[in-house]
Each structure stands twice: as structure tokens, then as C-alpha cells.
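Beneath this line is the structure, given in C-alpha cells, with notes to follow.
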Amino acid sequence: MNLRFRQLEIFRAVMETGSVTEAARLLHVSQPAVSKMLQQAESQLGFQLFIRERGSLAPTVEARTLLPELIKAFAAVDVVNRLADDLRDTRTGLITVAASASFGNSLVGAAIEQFRATRPQTHVVLQTLLNHQIAEFVAENKVDLGLALSPAEDSATIARNFCTADLVCVMPDGHPLSELEAVGPEELQRYPLISFSRDRPIGALIEQAYDDAGLRRSIAIEVTQSWTACALVQAGAIERTKCGACFLAFHGRLSCILFTRNGSNAG
């Protein structure tokens with residue numbers, strides 16, 4: 001049977017003072033109350049915690065064995081109490097964020113920097129997830145909010161358009177298309193691509209542009225992360241020459257969706 005917190009307090013007080021009388025004075029309770037709680041604790045544990053020795057209470061071997069863990073338990077309680085005080089006074093806190101890798105490597109970093117400038121004691125936990133997982137994590141209270149590239153139908157969350165960004169095409173410096181201001185499916189048709197499958201938000205947007213142009217996308221290397229695509233371009237994975245990269249606008253814009261929990265569905 002588990003000991004109650006008050007029993008643990010009495011156990012600690014008797015260990016510190018070596019006396020029921022002094023423990024009662026320390027805890028501002030009566031001596032009979034301390035004796036009764038101590039007896040109940042020993043009965044529940046099935047062994048003695050103290051033996052009377054020369055007018056004082058001496059801890060048994062079992063009590064001494066429990067003491068280190070008892071100290072840890074009260075230290076943990078103290079941490080919780082201090083954190084609660086800080087939260088009440090808005091000195092600190094905890095916020096958990098889920099984001100797709102595209103945002104985790106760019107937008108979220110700048111947002112966290114601005115947030116912590118005003119709340120420097122707040123502990124931020126950032127998880128990088130797949131787009132389809134983000135709304136699910138928010139709905140299940142695993143994170144406080146999420147940032148994804150695509151909306152999701154879920155009554156437990158609220159989806160808001162947070163911002164938009166231009167879709168760009170990355171190519172090596174000196175590429176024949178690098179002199180253009182923007183490119184689309186027509187310009188890219190003759191070149192093999194490092195791109196996303198159509199089941200990814202960015203891939204779906206690119207695929208739609210090709211469908212609208214009546215063209216078929218030729219993917220040489222399929223990736224799941226934008227930074228991987230950029231690294232492959234710089235490594236010469238297609239052109240076979242290592243070089244810098246340039247960025248050209250591609251027809252289309254990306255929407256960043258902010259997910260928060262729906263208060264009316266909170267459990």
C-alpha cells in the first residue's frame with residue numbers, strides 16, 4: 001500500500017529530529033497525531049521505521065534505506081512548487097511546438113527567437129514531424145500548437161492561415177535557366193528534377209502546375225525535405241558539378257497553417 005504525502009512528511013520530520021515531540025512541533029501538529037500517522041505508515045509498509053533507544057527514536061535499517069529516495073521525492077516536490085510559483089508570476093513556462101521540417105529549418109527559428117526575447121525563461125520544445133502528423137499531435141494534446149504546409153480536417157483543432165511564401169526552384173549557378181526571373185513547367189520540362197512526390201504538400205502543388213500546363217513531371221531524384229534537395233543541387237547530384245545555387249521563383253505559393261486546439265472540444 002502506498003504512503004500518503006503527509007505520512008512521508010512525518011517520516012522525514014522524525015528522521016531529522018529523532019523525536020515525535022520535536023517532529024510535531026516542526027509540523028505544527030499534535031504529538032498524538034504524529035504517533036498515529038507513524039504507526040499507520042509502519043503498518044502499511046509491514047516493517048518498523050524507528051526503534052526507541054535511550055529516550056529517542058533511532059531509524060531502522062529499512063528507514064535508512066528509504067531516506068535517499070525520500071530526499072529525492074521532496075526535492076522533486078520543491079521543483080514543482082517553484083515552477084508553479086514562476087508560472088503564476090509569468091516568469092517562466094513551457095510551450096511545445098510541432099512543425100514540418102521546412103518550417104523547422106527556417107520560419108520557426110525566427111519566431112522562437114522573437115518569442116524568447118520577451119519570455120527568456122520560457123522553455124520551448126520543438127518537434128519536427130511529417131505534415132499529416134502535426135494536426136494529430138495538437139488534437140491529442142501532445143503539443144500546444146503546430147505549423148504545417150497543408151490543412152487537415154479535424155474537429156479537435158482550429159486551422160488558421162499563418163503566412164504564405166513563394167515556391168522557388170533551386171538550380172546551380174550558371175545553369176541555362178538561371179538568367180530568367182521565374183520558371184514554370186514549360187521551362188523545366190527538358191530537365192530532370194530533384195523533387196517531391198505528389199503525396200507531399202509541395203509535391204502536390206508542383207504536380208498541379210504541371211497538370212495545368214498539360215505536361216508530365218520528370219523526377220530523377222525524389223526527396224522528402226527541402227534542405228535535402230538544396231544539398232543535392234549544391235553537390236552536383238544532377239549536373240555532376242559542385243557549385244553554388246541560385247533561386248528562381250516558381251509559379252505558386254505555399255501556405256503555412258497554424259494549428260491550435262479547439263477549446264470547445266478540450267477534454
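The values are calculated or read from the model by the stated rules, or taken from the named source; none is laboratory data. Small disclaimer: the values here were computed from a predicted structure and weren't measured. Virtual Cβ from ideal backbone geometry, glycine too; neighbours counted across all protein chains shown.
General observations
- Number of positions in the stretch 129-153 that are hydroxyl-bearing (Ser, Thr, Tyr) and either surrounded by fewer than 17 Cβ atoms within 10 Å (Cβ to Cβ) or in the same structural domain as Asp199 (by TED's automatic domain parsing) (or both): 0
- Hits in the stretch 17-39 (condition: of a type in the set (S, T, N, Q), out of contact with any Leu (no Cβ under 9 Å at 6 or more places or on another chain) and closer than 17 Å to Gly55 by Cα): Thr21, Gln31, Ser35
Residues checked against (1) over 30 Å from Gln121 (Cα atoms); (2) over 35 Å from the mean Cα position of the chain (by Cα); (3) outside any helix (DSSP H, G or I):
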position	(1), (2), (3)
Arg12	yes, yes, no
Glu22	yes, yes, no
Arg25	yes, yes, no
Met37	yes, yes, no
Gln44	yes, yes, no
Glu62	yes, yes, no
Pro68	yes, no, no
Ala75	no, no, no
Asn81	no, no, no
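- Residue count for the stretch 117-164 under the criterion of being in contact (Cβ under 8 Å) with a residue 60 or more places away in the chain and in a helix (DSSP H, G or I): the result is 5.
- Single residue of Glu69, Glu42 found to be modelled with pLDDT under 90 and either closer than 23 Å to Asn2 by Cα or crowded, with 16+ Cβ neighbours inside 10 Å (or both): Glu69
- Count - residues of the stretch 205-218 that are closer than 25 Å to Gly236 by Cα and exposed (fewer than 15 other Cβ atoms within 10 Å of the Cβ): 2
- Check on Pro185, in contact with a Lys or Arg (Cβ under 8 Å, 6 or more places away or on another chain) and surrounded by 15 or more Cβ atoms within 10 Å (Cβ to Cβ): yes
- Of the strands (runs of 3 or more DSSP E) lying entirely inside the stretch 171-267, those carrying at least 3 residues that are at pLDDT below 80 are 245-261.
- Residue within the stretch 18-26 that is surrounded by 15 or more Cβ atoms within 10 Å (Cβ to Cβ), among the hydroxyl-bearing types (Ser, Thr, Tyr) and at pLDDT below 80 present: no
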